[in-house]
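Worksheet: one structure, shown below.
Quick note: the coordinates plus some simple rules give every number you see, no bench work behind them. Everything numeric here is computed off the predicted structure, so don't read it as measured data. We place every Cβ from the backbone using ideal geometry, glycine too, and count neighbours over all the protein chains shown.
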Amino acid sequence: MSHDAVPDPLLDKALRTHTDYGQEQLEEHELAADPFTQFTAWLAEAAERKVYEPNAMVIATIDPDGRPSSRTVLLRGIDDRGFAFYTDYTSRKGRALIANPGVSAVFPWYPLHRQVLIYGEAHKVDEADSNDYFSNRPRGAQIAAWSSDQSHPIDGRDALEQKVRDTEQRFADAEAVPRPERWGGFRIVPDRVEFWQGRTSRLHDRLVYERQGTGWQVTRLQP
């Protein structure tokens, strides 16, 4: 669109829409002692309130050449060690994290007017964890992991589908499809986790856990 073009009314409306985020609050005394317990409670509530794919998170990494990149992945494990997801280690995000483990992640629960923002480092999970998760994936997803060199160019959809057929034939007689060596998990070990609750007039509640030795300190941020 040129600078003097007439704005599309629908586009203009989308850019100017103002939503009142309501009066649901987040207070310090309501928080769990650690961010993992608090996150688990919010995740369960997001699922109960039927947020679409509540375990979807947008992760941002830094490529080896210094460029940032973001994408959506699915959280597949949460405990006091961190937040785990699985991918192809040779993909853009895999190569980025191997070169620079610094990472951030956002869970954008828009219908609840909530976000969780995570900052830390991501490192490969144990091979046993990757094997266990892979063995429980649907067979089609296992075949796809072998067939797709994630993030790498391919001539067309037909070429990709041919790779899938070749992989299906390769493992046709196999009772179980083994995990490719290039595929596995990362665990984000956080040093900072922010819980964001939208409020009226943009006076949001922002409470941040920051790692202090073996414990966590909570700080309120201005909106």
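Between residue 32 and residue 189, how high is the FRET efficiency from 1/(1 + (r/R0)^6) when r is the Cβ-Cβ distance and R₀ = 25 Å? Nearest 0.05. Result of the calculation: an efficiency of 0.85. The reciprocal of the average 1/r between distinct C-alpha atoms defines the Kirkwood hydrodynamic radius, which for the chain equals 20.1 Å. Can you give the FRET efficiency to the nearest 0.05 for residue 173 and residue 127, using r as the Cβ-Cβ distance and R₀ = 35 Å? E(calc), rounded to 0.05, equals 0.90.
Peptides 8-17, 209-218, 54-63 ranked from most to least packed give 54-63, 209-218, 8-17, packing being the mean of other C-beta atoms within 10 angstrom over each peptide's residues. Across the chain, the mean sequence separation of Cα contacts (distance under 8 Å, 6 or more residues apart), normalised by length, yields a relative contact order of 23 percent.
In the chain, the calculated helix contribution to ellipticity at 222 nm averages -8500 deg cm²/dmol per residue, counting -39,500 (n - 2.57) for every DSSP H run with n ≥ 4. Label-to-label distance for residue 214 and residue 135 is 3.4 nm, based on points extended 7 Å past Cα in the beta-carbon direction. Cβ crowding within 10 Å, taken as a proxy for footprinting-reagent exposure, orders 21, 52 from fewest neighbours to most as 52, 21.
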